[in-house]
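Take a look at the structure set out below.
Just so it is clear, none of the values below were taken in a lab; they were calculated from the coordinates. These numbers come from a predicted model, not from an experiment. Note that we place each Cβ from the backbone using ideal geometry, even for glycine, and neighbour counts take in every protein chain shown.
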Amino acid sequence: MAGGGAPERPPRSPATLVLLGGVAALLFAALVALGVWQVERRAWKHALIAQIDARLHAAPVAPPGPVDWPRIGSRDAYRRIVLNGRYLARSETFVKAVTERGGGYWALSPLLTDRGFVVLVNRGFVAQASAPAPAGPVHVTGLLRVTEPGGGFLRANDPAGDRWFSRDVAAIARARRLQSVAPYFIDADAASSQAGGPVGGLTVVAFTDNHLVYALTWFGLAALVAIGTGIVARDERRVRGAAAAR
């Protein structure tokens with residue numbers, strides 16, 4: 001003991017040092033790996049955003065037909081589509097929705113295309129569950145959306161009670177007894193809006209991009225582990241030096 005201070009602790013054993021070093025190395029490696037993963041996720045997210053942005057600004061194309069249906073997936077989402085045909089009368093489905101206009105419904109109507117198959121069209125937002133589809137030939141442009149099976153975040157669809165919380169194409173087709181229905185739906189654009197009827201063009205295309213913040217957080221924690229390990233190592237050298245001098 002030097003003077004009246006606290007007694008110097010004894011040097012740590014080699015086994016303890018190996019254990020502490022191993023834990024620090026594993027923690028450092030794990031944190032760095034998490035940081036690298038977030039950097040990779042950021043690159044993937046930016047590529048995805050670029051792809052979807054290209055789809056949003058591309059010229060509209062014909063809807064995928066039955067031959068393409070088995071391959072429809074997320075890579076097709078937000079493609080611009082043009083439809084020609086007629087809405088099937090009295091087959092509307094109203095799905096609960098919350099939009100920038102408040103709470104209400106998405107008005108989904110089956111459209112019999114000029115190619116002979118049916119596509120569910122989300123004609124837009126309505127405050128009340130009432131919006132008959134227009135009669136006669138129609139020309140609709142919009143965005144392809146992937147079906148939303150099951151139900152909403154908190155509530156499941158109730159086909160028997162005609163209560164819908166997600167745009168589940170297969171379930172709606174069964175409930176309305178529709179045949180040859182495409183496994184996707186179309187969000188109609190603003191040009192399809194009707195006076196006093198559904199308001200189209202309300203599709204929200206947004207992606208969270210916090211990956212850089214997460215990566216910096218993980219790398220920062222890894223740096224703290226490295227600094228802490230250096231402090232412990234320096235203290236251990238000091239203790240061993242003091243012990244050798246006694």
Practice task
Could you work out how far apart the two model spin labels at R75 and A50 are, taking each label as a point 7 Å from the Cα in the direction of the beta carbon, and quote it in nm?
Solution key: 1.7 nm
Exercise for the section: Could you check the simple spin-label distance between S13 and R90, using points 7 Å along Cα→Cβ, in nm with one decimal? Expected result: 8.7 nm
Fill in the blank from the handout: One would report the Cα pair-distance distribution of segment 21-144, bin width 10 Å, in %, as 11, 27, 27, 14, 10, 7, 3, 0
Fill in the blank from the handout: Counting only DSSP beta bridges fully inside segment 111-239, the antiparallel percentage to nearest 5 is 70 percent
Exercise for the section: Can you work out the PRE-style zone for D209? Point 7 Å along Cα to Cβ, and I want the residues of segment 30-54 with backbone N under 15 Å. Expected result: 39-54
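Just the number, please: Stokes-Einstein D of segment 132-171 in µm²/s, Kirkwood Rh from C-alpha pairs, 37 °C, 0.692 mPa s.
So the translational diffusion coefficient is about 269 µm²/s.
Report, please, the projected area of the chain averaged over directions, based on the convex hull of its C-alpha atoms, in nm². Could you put the intermediate results ahead of the total?
Details: hull surface 86.4 nm².
Projected over every direction and averaged, the Cα hull of the chain covers 21.6 nm².
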Exercise for the section: Just grab the label-to-label distance for R174 and A129, each label 7 Å out from Cα along the Cβ direction, in nm (one decimal). Expected result: 1.9 nm
Practice task
Average the reciprocal distances over every distinct pair of alpha-carbons in segment 79-192, invert the result, and give the Kirkwood radius in Å.
Solution key: 14.0 Å
Handout entry: Most mobile listed residue (F207, F125, F165) in the chain, GNM with C-alpha springs under 10 Å
Key = F207
Exercise for the section: At q = 0.11, 0.14, 0.25, 0.26 Å⁻¹, what is the base-10 log of I(q)/I(0) for segment 161-246 according to the Debye formula with one equal point scatterer per Cα and no solvent? Please give it to two decimals. Expected result: -0.64, -0.81, -1.19, -1.20
Exercise for the section: With 10 Å bins from zero, work out the P(r) of segment 47-120 over every alpha carbon pair and list the percent per bin. Expected result: 16, 34, 41, 9, 0
Completion exercise
With only helices counted (DSSP H, runs n ≥ 4, each -39500 (n - 2.57)), the per-residue ellipticity at 222 nm for the chain, to the nearest 500, works out to -12500 deg cm²/dmol
Practice task
Name the residue, out of L143, L212, L120, whose mean-square fluctuation peaks in a Gaussian network model built on the chain with Cα pairs under 10 Å.
Solution key: L212
Problem - Rg(Cα) / (2.2 N^0.38 Å) computed for segment 1-88, rounded to two decimals - result: 2.48
Completion exercise
Once phi for every residue in segment 70-86 is put through the Karplus expression 6.51 cos²θ - 1.76 cosθ + 1.60 (θ = phi - 60°), the whole-Hz ³J(HN,Hα) values, with Gly and Pro written as x, are x, 9, 5, x, 4, 5, 9, 4, 6, 5, 7, 10, 10, 10, 10, x, 9
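Given 0.36 nm per residue, what is the gain on full extension from V82 to A30 after removing their alpha carbon distance, in nm? Mind dumping the intermediate values first?
Details: separation 52, 0.36 × 52 = 18.72 nm, distance 4.86 nm.
Stretched out fully, the V82 to A30 stretch lengthens by 13.9 nm.
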Handout entry: Cα-based Rg and Dmax for segment 81-142, where Dmax is the largest Cα-Cα distance (Å)
Key = 11.9, 36
